[in-house]
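A.B. asks: Before we start, here is the structure in question, set down as structure tokens.
The values are calculated or read from the model by the stated rules, or taken from the named source; none is laboratory data. In this text, all values refer to a predicted model and were calculated from it rather than measured experimentally. Neighbour counts run over all protein chains shown; Cβ positions are idealised from the backbone, glycine included.
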């Protein structure tokens, strides 16, 4: 990509190469060939200024060229244009071009076994519902080639979700180890994108002010369950063992449930070791529950969420103390 470079490239997706042009702020002309189709893309400082194919030019022509596959790219240094004819962002052009390509009849995905699809939907839906209950999450959904599994629409409409999904699925094979974790900031939302397989992508839309570390920790914890569900299998959930009397064990179970509502499935990974540390420091008793809460809050690591958990714990502790003194 030297400034004076001119060359001939094949074997790389056009969309991937165009992103390199944008990131490197290159001024150049690309001559694109796909079979008997030929076209040109004109860039100035990494911005797409125009496209031409035959007697046609402009944004529609650019979208058609972007949708071509198995392209050969010839690069010419410099751009002869002095007037910009396309004012749309390249990112939008890439997503729209890939969507149009994927909607062609020859590119339509094959549907799988209906019974298997129903099993996958049944297993994925409750996991998505748990993600939806995480702090600051606006919506969570799974993008598949021919459908979306979700509970609510969130900040984008269905067509926009499909456009994002098409672009991501096209990019995954070109990334190392097929991993393409992304965050996209929108007005009022942050999209956390985590591909689960070449065909499935998890997208979580959150408020921009979220605790990103907490969200990512929960998603990492749920990854194995999501992977199993996509294969039509349910992963066994961990069970809890509670110390102390039956009433106290019940209160501990309620406390963990309250913590899960506040910080998500990660609560189990914090609560169980916390109870073990608490028990090692003294007997499991109702009058020591406040010590447990203090210990757990140190692990949450978010002042606002800690306060939510303390408020939720107060009536549970009060009830446990009343029960113990009867």
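A.B. asks: Which residue out of 293, 317 is outside the structural domain of residue 225 (by TED's automatic domain parsing) and surrounded by 20 or more Cβ atoms within 10 Å (Cβ to Cβ)?
C.D. replies: Exactly one residue qualifies, and that residue is 293.
A.B. asks: Working only within segment 200-214, note down all residues that are farther than 14 Å from residue 154 by Cβ and touching a strand residue (DSSP E or B) at 6+ places or on another chain (Cβ under 6 Å).
C.D. replies: 200, 201, listed by residue number.
A.B. asks: Moving on. Are any of the residues in segment 89-97 outside the structural domain of residue 186 (by TED's automatic domain parsing) and touching a strand residue (DSSP E or B) at 6+ places or on another chain (Cβ under 6 Å)?
C.D. replies: Within segment 89-97, one or more residues are outside the structural domain of residue 186 (by TED's automatic domain parsing) and touching a strand residue (DSSP E or B) at 6+ places or on another chain (Cβ under 6 Å).
A.B. asks: Is there a residue in segment 132-153 that is modelled with pLDDT of 80 or more, part of a helix (DSSP H, G or I), touching a strand residue (DSSP E or B) at 6+ places or on another chain (Cβ under 9 Å) and within 21 Å of residue 183 (Cβ to Cβ)?
C.D. replies: Within segment 132-153 (the criterion being modelled with pLDDT of 80 or more, part of a helix (DSSP H, G or I), touching a strand residue (DSSP E or B) at 6+ places or on another chain (Cβ under 9 Å) and within 21 Å of residue 183 (Cβ to Cβ)), the answer is yes, since at least one residue qualifies.
A.B. asks: Do we have residue 301 as at positive phi and out of contact with any helix residue (DSSP H, G or I) (no Cβ under 7 Å at 6 or more places or on another chain) here?
C.D. replies: When the stated conditions are applied, residue 301 passes them.
A.B. asks: Next question. For the structure I just gave you, tell me whether residue 96 is within 15 Å of residue 15 (Cβ to Cβ) and at pLDDT below 85.
C.D. replies: In short, yes.
A.B. asks: Quick check on my filter: what residues within segment 76-91 are surrounded by 12 or more Cβ atoms within 10 Å (Cβ to Cβ) and either closer than 28 Å to residue 163 by Cα or modelled with pLDDT under 85 (or both)?
C.D. replies: Answer for segment 76-91, where residues must be surrounded by 12 or more Cβ atoms within 10 Å (Cβ to Cβ) and either closer than 28 Å to residue 163 by Cα or modelled with pLDDT under 85 (or both): 84, 85, 86, 88, 89, 90, 91.
A.B. asks: Okay, next question. Has segment 195-210 got any residue that is at pLDDT below 85, surrounded by 15 or more Cβ atoms within 10 Å (Cβ to Cβ) and in a strand (DSSP E or B)?
C.D. replies: Yes, some residue in segment 195-210 is at pLDDT below 85, surrounded by 15 or more Cβ atoms within 10 Å (Cβ to Cβ) and in a strand (DSSP E or B).
A.B. asks: Going by what's in this entry, would residue 261 be described as surrounded by fewer than 17 Cβ atoms within 10 Å (Cβ to Cβ), touching a helix residue (DSSP H, G or I) at 6+ places or on another chain (Cβ under 8 Å) and under 22 Å from residue 129 (Cβ atoms)?
C.D. replies: Considered against the rule, which asks whether it is surrounded by fewer than 17 Cβ atoms within 10 Å (Cβ to Cβ), touching a helix residue (DSSP H, G or I) at 6+ places or on another chain (Cβ under 8 Å) and under 22 Å from residue 129 (Cβ atoms), residue 261 comes out as yes.
A.B. asks: Suppose the filter is modelled with pLDDT under 85 and not assigned by TED's automatic domain parsing to the domain that holds residue 130; does residue 257 pass it?
C.D. replies: For residue 257, the condition - modelled with pLDDT under 85 and not assigned by TED's automatic domain parsing to the domain that holds residue 130 - is not met.
A.B. asks: Regarding residue 272, is this residue closer than 21 Å to residue 127 by Cβ and not assigned by TED's automatic domain parsing to the domain that holds residue 221?
C.D. replies: yes
A.B. asks: Out of all the residues in segment 264-276, which are farther than 20 Å from residue 133 by Cβ and touching a helix residue (DSSP H, G or I) at 6+ places or on another chain (Cβ under 6 Å)?
C.D. replies: 274
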